[in-house]
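*Asks:* What follows is a structure written as structure tokens; I'll ask about it next.
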There are 2 protein chains.
Amino acid sequence: MGDPVTISLDAMGGDYGPSVVIPAALQALASNADLKLILVGDEEILRQHLQQANREPDERLLVKHASQQVTMCELPSHALRNKKDSSMRVAINLVKEGMADACVSAGNTGALMATARFVLKMLSTVDRPAICAILPTVGGHAHMLDLGANVNASADNLFEFAVMGSVLASAIDNIDKPTVGLLNIGEEEIKGNERIKEASRMLADSELNYVGYVEGDGIYADKAMVVVCDGFNGNIALKASEGVAKMISQKIREAFSKNILTKLVALVAMPVLNSFRKTIDPRRYNGASLLGLQGIVIKSHGGADVLAFNTAINQAIIEVRNRVPERISEQLEALLAGQRNND
Amino acid sequence: MGDPVTISLDAMGGDYGPSVVIPAALQALASNADLKLILVGDEEILRQHLQQANREPDERLLVKHASQQVTMCELPSHALRNKKDSSMRVAINLVKEGMADACVSAGNTGALMATARFVLKMLSTVDRPAICAILPTVGGHAHMLDLGANVNASADNLFEFAVMGSVLASAIDNIDKPTVGLLNIGEEEIKGNERIKEASRMLADSELNYVGYVEGDGIYADKAMVVVCDGFNGNIALKASEGVAKMISQKIREAFSKNILTKLVALVAMPVLNSFRKTIDPRRYNGASLLGLQGIVIKSHGGADVLAFNTAINQAIIEVRNRVPERISEQLEALLAGQRNND
């Protein structure tokens, strides 16, 4: 047991709303004795769902009413202006007001980022926020950022992302100085652009454990524990990876369902295939961190199921226990002070 | 049988040089009665390899001496300046001189692109060359470009890439108007940058079969037959995809070799797994096209084996038979004329 942790959940967000959030919340409460959750959303709907689950709200499971909902396709600017009582906004407000230590939402990423930034504000040392996710690799996992908070990133931004990713990886993996790489392409003559080259020089001069450039395939080959890139490339790399994984799953399924013989083989092979799938199951990697804010916000995949949403709640608990925003702020200040002394 | 086709092969290029190129050449000759090949490289070494394969040079299999070799790590500028008698350069010269209809090389991509551009020159209507490869998808395959010829690309360049990819896909898949998509990211508020938005407007106004934006996962989900992007994003997406595919293969192998029981299951499942692997076997997709040049140059993967290099030779034959550079030039001219009439 550690200090008590309180997390607000946007219970209406994501493709399945309370029907996923509430069972995941109950699981998280059962496995974390010092956890307290605040379900935010339409009170009547939430109470109905709790009733169905035979659970009364109590001091560890509060319900906070919010009259509105941000839809999955809503423009962030629209949500900011017109959804001041949305479950997402109220859940983030609770973090701002100190009633919750972190917030988890499976809602619209753009709206979540815009709202979190508006309500919680950025850390004073950080120029731009970044979205960081955990990806499975051959040897374990890697942290990659930015995955889409920014289309472009300056060398300074990439440097900040590296610091934020390093602090997060250090907290999650309990490692002092995680290795950090910059996503780049391989052809010598055209290697990278000026921003990436400049960021590489800054990282090489810093006290981070910088290991140099990482190519797209290196993400999955454990070339670095933290892979840094701009949001455009990060999003492209992540989505392409998801696309390949899906295609491969489908081709495996097709191969095993070709005829009666292959279907029999599938029966025998199923347990092995399932144990393989488990190692790259995206549900076990769910929960992207919105970094650079004065507060902890975890974005769950919109289509997350109970297991996946539960993973996102646990991600939030780890970040709270490890004071991730404070540590990002401290480390950036120390690095900036070091740079000033060098100048 | 069609018209005779002559292809020059950089027989010293790639990780395995003549030990892969020569067997692949012999296979290609055996299966294409109207094919003629010119092996370019160190004559003595090539003759030794031919002797080992019990094959004499004849009118369908010529040997052309070249005293130098471009190494895999050599800077393109260095190769251009100092390797004027390299197997790569001489093979491309043969295309320039009209002795060959196309050239295939497994050598250093940057050097191949620089040399091809220098020797063959660009098509007058094309500003920048692009590298186009074929990728397996759920439903078949897609063509993607640029994969690394350019770090940046203007809206005009992306438009050109779309035209070139469309012509190539049309030639290879024998389809009149292949669908064309622009690689982009999904978040509404930050969707794309100005170059991509401008390219999208140009494509929507053109006579190409433009279907709009494609996200990273859409590449593999048959969202478009031709996926257009700048070389940086293309390279990142391609390498990340390769990385995921490799990781998945390894995890499957690990799952099946965990213990004696899973190894027995592997024996039963092997034929099915092999038939699955065949559908995404990169050797069956080997041979990237260097587009925008006044001539046909195919880049084989450096680590290509005999089957893979043979695929690249066949790719060259298809492009010769379909007069790909001429058709790119014609289509670009027609589209540019159309634009002028609209102005």
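The values are calculated or read from the model by the stated rules, or taken from the named source; none is laboratory data. These numbers were taken from a predicted model, which means no experiment stands behind them. So basically every Cβ, Gly included, is an ideal-geometry build from the backbone, and we count neighbours across all protein chains shown.
*Asks:* Can you pull out the residues in region A:204-249 that are charged (D, E, K, R), more than 9 Å from every other protein chain (Cβ to nearest Cβ) and in contact with a strand residue (DSSP E or B) (Cβ under 9 Å, 6 or more places away or on another chain)?
*Replies:* Passing the criteria: A:D222, A:K223, A:D230.
*Asks:* I would also like to ask the following. Name, by its number, the condition in (1) within 14 Å of chain A (Cβ to nearest Cβ); (2) modelled with pLDDT under 95; (3) under 16 Å from B:A149 (Cα atoms) that does not hold for B:T115.
*Replies:* (2)
*Asks:* Exactly one of these conditions fails for B:A199: (1) part of a loop (DSSP other than H, G, I, E, B); (2) farther than 30 Å from A:S275 by Cα. Give me its number.
*Replies:* The one condition B:A199 does not meet is (1).
*Asks:* Only one of these conditions is not met by A:D127: (1) farther than 13 Å from A:A11 by Cβ; (2) within 14 Å of chain B (Cβ to nearest Cβ); (3) not polar (S, T, N, Q). Which number is it?
*Replies:* Among (1) farther than 13 Å from A:A11 by Cβ; (2) within 14 Å of chain B (Cβ to nearest Cβ); (3) not polar (S, T, N, Q), the lone unmet condition for A:D127 is (2).
*Asks:* Right, another one. How many residues are in contact with an Asp or Glu (Cβ under 7 Å, 6 or more places away or on another chain) and among the aliphatic types (A, V, I, L, M) when one looks only at region A:73-92?
*Replies:* 3
*Asks:* Residue check, B:M122 against (1) in contact with an Asp or Glu (Cβ under 7 Å, 6 or more places away or on another chain); (2) not assigned by TED's automatic domain parsing to the domain that holds B:E198, all met but one. Which one?
*Replies:* Failing condition for B:M122: (1).
*Asks:* Test A:V138 against the stated conditions and say whether it is touching a residue at least 40 places away in the same chain (Cβ under 8 Å) and either part of a loop (DSSP other than H, G, I, E, B) or polar (S, T, N, Q) (or both).
*Replies:* Judged against the criteria, A:V138 is a match.
*Asks:* One residue is enough: does region B:321-338 have a residue meeting the conditions in a helix (DSSP H, G or I), polar (S, T, N, Q), in contact (Cβ under 8 Å) with a residue 40 or more places away in the chain and more than 18 Å from B:C132 (Cα to Cα)?
*Replies:* No, region B:321-338 contains no residue that is in a helix (DSSP H, G or I), polar (S, T, N, Q), in contact (Cβ under 8 Å) with a residue 40 or more places away in the chain and more than 18 Å from B:C132 (Cα to Cα).
*Asks:* For region B:290-317, which positions are assigned to a helix (DSSP H, G or I) and not β-branched (V, I, T)?
*Replies:* Across region B:290-317, the qualifying residues are B:L307, B:A308, B:F309, B:N310, B:A312, B:N314, B:Q315, B:A316.
*Asks:* Please verify whether region A:94-102 includes one or more residues that are at pLDDT below 95 and surrounded by fewer than 19 Cβ atoms within 10 Å (Cβ to Cβ).
*Replies:* no
*Asks:* Can you name every residue in region B:256-289 that is under 25 Å from A:L264 (Cα atoms), among the hydroxyl-bearing types (S, T, Y) and either part of a helix (DSSP H, G or I) or away from chain A (no Cβ under 13 Å) (or both)?
*Replies:* Listed by number, the residues that qualify are B:T262, B:S275, B:T279.
*Asks:* Ok, one more. Would you check which residues across region A:209-255 are part of a loop (DSSP other than H, G, I, E, B) and modelled with pLDDT under 95 and list them?
*Replies:* Residues satisfying the conditions are A:E215, A:D230.
*Asks:* I've got another one for you. Please find, within region B:22-33, the residue that is surrounded by the most Cβ atoms within 10 Å (Cβ to Cβ) out of those that are in contact (Cβ under 8 Å) with a residue 12 or more places away in the chain and over 15 Å from B:Q315 (Cα atoms).
*Replies:* The selected residue is B:I22.
*Asks:* Out of the residues in region B:134-189 that are surrounded by fewer than 24 Cβ atoms within 10 Å (Cβ to Cβ) and charged (D, E, K, R), state the one that is farthest from the chain's Cα centre (by Cα).
*Replies:* Per the stated criteria, the residue is B:E189.
*Asks:* Quick test for you: out of B:A269, B:A221, B:A245, B:A237, pick the one residue that is of a type in the set (G, A, S), over 27 Å from B:G181 (Cβ atoms) and not assigned by TED's automatic domain parsing to the domain that holds B:G98.
*Replies:* None of the others qualify; the one that does is B:A269.
*Asks:* Also, quick follow-up: Can you work out which of the residues in region B:274-302 that are among the β-branched types (V, I, T) and modelled with pLDDT of 95 or more is surrounded by the most Cβ atoms within 10 Å (Cβ to Cβ)?
*Replies:* Of everything passing the filter in region B:274-302, B:V297 is surrounded by the most Cβ atoms within 10 Å (Cβ to Cβ).
*Asks:* Another question about this same structure. In region B:52-62, is there at least one residue being crowded, with 22+ Cβ neighbours inside 10 Å and either in contact with a strand residue (DSSP E or B) (Cβ under 9 Å, 6 or more places away or on another chain) or within 14 Å of chain A (Cβ to nearest Cβ) (or both)?
*Replies:* no
*Asks:* Considering region A:134-145 alone, what residues qualify as being modelled with pLDDT of 95 or more and away from chain B (no Cβ under 11 Å)?
*Replies:* Of everything in region A:134-145, those that are modelled with pLDDT of 95 or more and away from chain B (no Cβ under 11 Å) turn out to be A:H143, A:L145.
*Asks:* Name the residue that is nearest to the chain's Cα centre (by Cα), counting only residues in region A:63-84 that are in a loop (DSSP other than H, G, I, E, B) and surrounded by fewer than 19 Cβ atoms within 10 Å (Cβ to Cβ).
*Replies:* A:M72
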